[in-house]
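All remarks here apply to the structure that follows.
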Amino acid sequence: MIEIIDAQRCTGCNICVQVCPTHVFEKAPQGSKGSAPTIARQSDCQTCFMCELYCPEDALFVAPQADEAVDLPARAPQVQALLGSYRKAVGWTRSAEALPDTSYELLKRAH
């Protein structure tokens, strides 16, 4: 289930809003730097990880538990290490060895 949007990492691109199949998020205000989408319907999250996969800033964490929310302190160092962890686990990294994934750029332009 979606647990965290780190507003300090988020750029407000709203890609997570676009890729979410169950419309869990409310958009960040357009042109409002420093604002992030909100998790408006957390219980609708199907734990598909699409938002975490497509987030270009690794600002999201989806907990693998789909049945209930987990209370996580967003700024704790252990939690910060979890941000974008699914993306890294499946190889969607931005390391020098990996080819850059530009799918999120295509989504951004389509908006």
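All of the numbers you see were taken from the coordinates with simple rules; none came from a lab. Keep in mind the model is a prediction, meaning the values are calculated, not measured. As a convention, Cβ positions derive from the backbone with ideal geometry for all residues, glycine included, and neighbour counts pool all protein chains shown.
Miscellaneous remarks
- The length gained on full extension between Gln46 and Lys88, counted as 0.36 nm times the residue separation minus their Cα-Cα distance, comes to 13.1 nm.
- With the simple model of a label 7 Å out from the Cα in the direction of the Cβ, Glu26 to Ala81 spans 3.4 nm.
- Other residues within the sphere of radius under 13 Å centred on the Cβ of Ala40, judged by their own Cβ, net out at 0 (K and R +1, D and E -1).
- Phi-based couplings in Hz for segment 11-18 (Karplus 6.51, -1.76, 1.60; Gly and Pro marked x): 9, x, 6, 6, 5, 4, 4, 5
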